[in-house]
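Asker: Quick one: the structure is below, and I'll ask about it shortly.
The values are calculated or read from the model by the stated rules, or taken from the named source; none is laboratory data. Note that the structure is predicted; figures quoted are calculated from it, not measured. When we count neighbours, we look across all protein chains shown, and the Cβ atoms used for this are built from the backbone with ideal geometry, even at glycine. Side chains are part of the model used for accessible areas, which takes the heavy atoms of the whole protein and leaves out ligands, DNA and RNA. Shrake-Rupley method; radii C 1.70, N 1.55, O 1.52, S 1.80 Å.
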Protein chains: 2
Amino acid sequence: MIKFSADANKKPKHIVIIGGVAAGTSAASKAKRINPDANVTIIQQESTVSYGSCGLPYVLEGLIDDFSELIARTAEEFESKYDIDILLNTSALKITPSKKQIIVSDSVYKEKNINKIIGYDTLVIATGASAVIPSLQGIENINNGMFTLRTLNDGIAIKSFLENNRPNSCVVVGAGLIGVEIVEAFKKQGLEVTLVGSGNSILPKIIDTDMSLIVKQELENNGIKIVLGERVEKILGDQKFQGVVTNKGKTILSDFLVFGTGVKPNSEIALDAGIKIGINNAIKVDKYMQTNISNIFAAGDCATAENYVTGKDTYLPLGTTANKQGRVAGENSAGGQAIFRGIAGSAITKTFDLFIGKTGLNSEEARKNGFEPIETDINSVTRAGYYPESKSISIKIVADKKTHQILGAQIIGGEGVKGRIDVVALALLKKATINDLSSYDACYVPPISPVWEPLNIVASNLSKFV
Amino acid sequence: MIKFSADANKKPKHIVIIGGVAAGTSAASKAKRINPDANVTIIQQESTVSYGSCGLPYVLEGLIDDFSELIARTAEEFESKYDIDILLNTSALKITPSKKQIIVSDSVYKEKNINKIIGYDTLVIATGASAVIPSLQGIENINNGMFTLRTLNDGIAIKSFLENNRPNSCVVVGAGLIGVEIVEAFKKQGLEVTLVGSGNSILPKIIDTDMSLIVKQELENNGIKIVLGERVEKILGDQKFQGVVTNKGKTILSDFLVFGTGVKPNSEIALDAGIKIGINNAIKVDKYMQTNISNIFAAGDCATAENYVTGKDTYLPLGTTANKQGRVAGENSAGGQAIFRGIAGSAITKTFDLFIGKTGLNSEEARKNGFEPIETDINSVTRAGYYPESKSISIKIVADKKTHQILGAQIIGGEGVKGRIDVVALALLKKATINDLSSYDACYVPPISPVWEPLNIVASNLSKFV
């Protein structure tokens, strides 16, 4: 690990941040707060900054009127209220660490391919991640009706397609977080929706196959057609998308397609500059969010994050991590010494009336990381038995047989999922044991909890296996 | 502390439990599971067992049709399914530890004052607590229209009064947990409701005065009349209740009254038997739930509980604690060696659209316990800014300036209160620091959380004070 080298007495004069969504704007705001005298510049290739990309499905669902509502702060606000310069529609093309310079496309002269050089004292790379589009047979023929959902412009493009084409059906490829959120949105728009996942279960990176059956049932109950264990191999259509064919020969005709097939870190510019790349091709950072090059930091969806259960680097691009890492990178780029304590891999999503969450490791991941996992699960309820509108909740927890340390949890329920995932996320940080989790003094009131807290109970049940 | 003396090889043959609500039935069930050969007998002075007294306000509100729905398991079920004997309508009158005997009123001969002797090998006292009725001028004249809300029979009496008398107004004395729950119930029944609290704030034992203003506003917005800082001194009426007069001379006329003026442990029978009494006249127990007398355990609302933040005994009668203590007492009465790890004082209630929770210490309590408290609070929201129906949430946290250890939290909000109180409750058990609470990897999805978890943020804010 490279020790952070900034000297508080020699504060950077010019802090440049590449990227203006979650990590980038968090970094910029924090840098300016720490060092109000510095010039802080954000280079943003899109035409907006600081938008909540996690909200895109809800605009498409119709719950939120317009994409503009997802914008937390506009570029004008950053400039007028925070004195942060923002270069919109501007791409960072090359970083030259030896000269502390970045070559950017100049938005004014963009069409003439005229570039500009920007100098920096410290740099934060927050270039985010891009949707992965698999290379499929026939995909090159299509220029209409095929989408990803990653950026604000992606969302705008889908909404515009829906309005202009009034489609009846869609196929969503990928049964991950984006997949399960977007199928609800499209269903609520009255579309016939088919979800295709190449794995054998829904949300395979979040929950185990046994737990995922609850989600599958919820999707089917809401009229989503589900095709699992089949990989899309071929795209049908000429210019206009018409359908897909799977590796098992199944043809699914549809009016449009959305890929929810994962993302990849935008780390090429870093690689070109000689910055060390880590797991999943993400930019390798230490706990100060510093890269291997002095005065260059990285944060968010382009960077690695240490898992505080395993102590190992992971790549799990989520908005919460991006914001926190951005803040640390921003502080340190301005001369601070903040530390990012890592992630537990906490994630939660909602589809129809279910929340689905995970934190830490499942048994398989635990085994790969040298633990001896034991696990158990419980089906419980979210309110006192007699209180109306109680929801189901299912909890699986994993612990290490030898040390009794809690290693992870998966929770699916109609309510109360976030709070319980968060309890376990803290348990993981504090290396809490099974006995700790069965013993903490959970609060109780009939409208929002059963008298026996399900997390206490599932932990108590697990203690029988040690 | 008296070491637990049961020998697993010499299991008790007859386990007697005095009390059949939360702690008593938990103890009985656990004892029978641990030692299926034992005779387990519950002595219950009421005509039902195992009911959820926390649900009483919701029946009165009309959310739940009938009190019978609050009964988790009937005496018949305990007898037929679990082989646990239950003596209903039977009062334990005297314990004679030297003879291992209890004198009980015999329900069959009750009117003839004939008593019966029951022997035990181990005994669990789970006599609960009784509502405290203050001695007020004129109270002895009233036999109609004055209630407490503690037992199932209390609830039935109030409901019957409502049905038979069709009252228009009521006064609730005591602004604690019962008070704020019951005023909602009565308001939703269309009554004019006045809440009188002798302290200067609502829920003074749960939240600080500044935080309580949010609750006061909620009650007032819902049409509850609030009188604070005045003590009821006099009851008006002859036989039938007519109103109260406060120490400041205010007269509040009303059709009936409910006291929510606290409870006292039913520990007289223990005291008579030479069992050591602790804080608040509750039965003093150790972590095995054992009293100072060998083979006599106590659990629930009649017993003390160690606070795991201070390490000191407290008296905080709540259903969660009763159940957990009951289970430990039951296991140990049957020859086990279970340990109760204590409470954090976690409590939550709901009134109208607010949940109000506390765990651990407030600053004043922290100071009294030798800490050097620092505190801060935050007003945040429960969902992403753009997501519909986001609720407000206010969080105050307290930590120790020297060690940075988190000491407590108070949270008031429209949703998401339980989960966050529980996170802090675990933080307290694990002696988590401010940095831990600002760093744990909280999960995020727009329908149920803002991207910056409020607990992370309030902890991060508090770090500026150390």
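Asker: Run the simple label-point estimate for A:ASN222 and A:ASN379 please: 7 Å along Cα→C-beta, distance reported in nm.
Answerer: 2.0
Asker: Please compute the contact order of chain A in relative form: average sequence separation of alpha-carbon pairs under 8 Å and at least six residues apart, divided by the residue count, as a percent. Display every interim value, and only then the final one.
Answerer: Numbers: 1117 pairs, mean separation 69.2, N = 466.
Relative contact order comes out at 15 percent.
Asker: Give the Cα extents of region B:19-67 along the principal axes, in whole Å, largest first.
Answerer: Projected onto its principal axes, the Cα set of region B:19-67 covers 43, 20, 14 Å.
Asker: What is region B:1-106's relative contact order, in percent, from Cα pairs under 8 angstrom and six or more apart in sequence?
Answerer: Over region B:1-106, the number comes to 24 percent.
Asker: For A:GLN217, place a label point 7 Å from Cα along the Cα-to-Cβ direction in every copy; what are the distances to the other copies, in nm, shortest first?
Answerer: From this label point to the equivalent ones elsewhere in the assembly: 4.3 nm.
Asker: At q = 0.15, 0.19 Å⁻¹, what log₁₀ I(q)/I(0) does region B:14-171 have when each alpha carbon counts as one equal point scatterer in the Debye sum?
Answerer: -0.89, -1.19
Asker: In whole Å, what are the extents of region B:423-466 along the principal axes defined by its C-alpha atoms, from largest to smallest?
Answerer: 32, 24, 12
Asker: First check a/c for region B:161-253, with a ≥ b ≥ c the square roots of the eigenvalues of its C-alpha gyration tensor; if it is under 1.5, answer rounded, and if not, answer prolate when a/b is larger than b/c or oblate otherwise.
Answerer: Numbers: a/c = 2.29, a/b = 1.32, b/c = 1.74.
In terms of gyration-tensor shape, oblate.
Asker: For region A:3-91, which semi-axes, largest first and in whole Å, follow from the square roots of 5 times the eigenvalues of its Cα gyration tensor? Each step should come with its number before you reach the end.
Answerer: Working: eigenvalues 170, 32, 25 Å².
Those come to 29, 13, 11 Å.
Asker: If a paramagnetic tag sat 7 Å from the Cα of B:LYS81 along the Cα-Cβ line, which residues of region A:437-456 would have the backbone N under 20 Å from that point?
Answerer: Counting backbone N atoms under 20 Å from the label point, the list is A:450-454.
Asker: Which chain B residue hugs the B-A rotation axis most tightly by its Cβ, and what is that distance in angstrom, to the nearest whole number?
Answerer: Residue plus distance in Å, as requested: B:GLY419, 1.
Asker: I'd like to check one number: the per residue accessible area of region A:235-277, probe 1.4 Å, reported in Å² as a whole number. Numbers along the way, then the final one.
Answerer: Numbers: 2000 Å² over 43 residues.
Counting only protein heavy atoms, the per-residue value for region A:235-277 is 47 Å².
Asker: Using only C-alpha atoms and all pairs of different ones, pull out the Kirkwood radius for region B:214-355 in Å with one decimal. Each step should come with its number before you reach the end.
Answerer: Working: mean 1/r = 0.0553 Å⁻¹.
Kirkwood hydrodynamic radius for region B:214-355: 18.1 Å.
Asker: Now for a different question. Using only the Cα atoms of the protein assembly as shown, what are the Rg and Dmax in Å?
Answerer: 31.0, 107
Asker: At q = 0.05, 0.08, 0.10, 0.12 Å⁻¹, what is the log10 ratio I(q)/I(0) for chain A, with the Debye formula run over Cα points and no solvent?
Answerer: One equal scatterer on each Cα of chain A leads to -0.20, -0.52, -0.82, -1.13.
Asker: Also: Could you tell me which of rounded, prolate or oblate describes region B:206-289, using a ≥ b ≥ c as the square roots of the eigenvalues of the alpha-carbon gyration tensor, with rounded for a/c under 1.5 and, failing that, prolate when a/b is larger than b/c and oblate otherwise? Display every interim value, and only then the final one.
Answerer: Details: a/c = 3.19, a/b = 1.59, b/c = 2.00.
Cα axes put region B:206-289 in the oblate bin.
Asker: While we're looking at this one, here's another question. So what is the relative contact order of region B:365-466, in percent, for Cα pairs below 8 Å that sit 6 or more residues apart? Can you show the working numbers first?
Answerer: Numbers: 189 pairs, mean separation 30.3, N = 102.
Contact order relative to length: 30 percent.
Asker: A:MET289 accessible area, nearest 10 Å², 1.4 Å probe?
Answerer: 0
Asker: Cα convex hull of region A:314-360: how many Å³ per residue? Intermediate results must be reported in sequence, preceding the final value.
Answerer: Details: hull volume 3.5 nm³, N = 47.
Taking only Cα atoms, region A:314-360 has a hull volume of 75 Å³ per residue.
Asker: Accessible area of A:PHE147, 1.4 Å probe, to the nearest 10 Å²?
Answerer: 30
Asker: Follow-up question, since we're still on this one. Could you tell me the accessible area of B:LYS401 in Å² (1.4 Å probe, neighbours in place), rounded to the nearest ten?
Answerer: 90
Asker: Cα gyration tensor of region A:187-237, axes a ≥ b ≥ c as square roots of the eigenvalues: rounded (a/c below 1.5), prolate (a/b > b/c) or oblate? Mind showing how you got there, number by number?
Answerer: Numbers: a/c = 2.74, a/b = 1.15, b/c = 2.38.
Cα axes put region A:187-237 in the oblate bin.
Asker: Here is a follow-up. Step by step: find N for region A:325-466, compute 2.2 N^0.38 Å, then divide the Cα radius of gyration by it. What's the final number?
Answerer: Numbers: Rg = 16.7 Å, N = 142, 2.2 N^0.38 = 14.5 Å.
Normalised Cα radius of gyration, region A:325-466: 1.15.
Asker: Can I ask one more? How far apart, in nm, are the 7 Å Cα→Cβ label points at B:GLU268 and B:ASP65?
Answerer: Result: 3.9 nm between the two label points.
Asker: In square nanometres, what is one fourth of the surface area of the convex hull spanned by the alpha carbons of region B:82-225?
Answerer: Mean projected area of the Cα convex hull: 13.7 nm².
Asker: How are the Cα pair distances of region A:111-189 distributed, in percent, across 10 Å bins from 0?
Answerer: Going from the shortest bin to the longest, the percentages are 12, 37, 27, 15, 9, 0.
Asker: Related question: Thinking of region B:272-375 as a set of Cα atoms, what percent of all their pairs are more than 22 Å apart? It would help to have the intermediate numbers written out before the result.
Answerer: Values: 1971 of 5356 pairs.
So the pairs more than 22 Å apart make up 37 percent of the total in region B:272-375.
Asker: Then there is this: Taking 7 Å along the Cα-to-C-beta vector as the label spot, tell me the B:ASN164-A:ILE117 distance in nanometres, rounded to one decimal.
Answerer: Going by the 7 Å Cα→Cβ label model, 9.5 nm.
Asker: Next question. Per residue of A:408-421, count partner chain C-beta atoms within 10 Å of its C-beta, then hand back the mean as an integer. Please report the intermediate quantities before stating the final value.
Answerer: On the way: counts 0, 0, 0, 1, 0, 0, 0, 5, 6, 4, 13, 13, 5, 5.
Other-chain Cβ atoms within 10 Å of each residue's Cβ, averaged: 4.
Asker: Shifting gears a bit: When the label point is put 7 Å from the Cα of B:ARG231 along its Cα-to-beta-carbon vector, which residues of region B:259-287 have a backbone N closer than 15 Å?
Answerer: Only B:261-262 fall inside the zone, counting backbone N under 15 Å.
Asker: Given only helices, namely DSSP H runs of n ≥ 4 each adding -39500 (n - 2.57), what is the per-residue ellipticity at 222 nm of chain A, to the nearest 500 deg cm²/dmol? Provide the component values of the computation, followed by the final result.
Answerer: Values: 12 runs with 120 residues, N = 466.
Helix-only estimate at 222 nm: -7500 deg cm²/dmol.
Asker: On the principal axes of its Cα set, how long, how wide and how thick is region A:59-151? Give whole Å, largest value first.
Answerer: 44, 36, 25
Asker: Now a separate question. Compute the label-point distances linking B:HIS14 to its equivalents in the other copies; points lie 7 Å from Cα along Cα→Cβ; give nm, one decimal, shortest first.
Answerer: Label-point distances to the other copies, shortest first: 9.1 nm.
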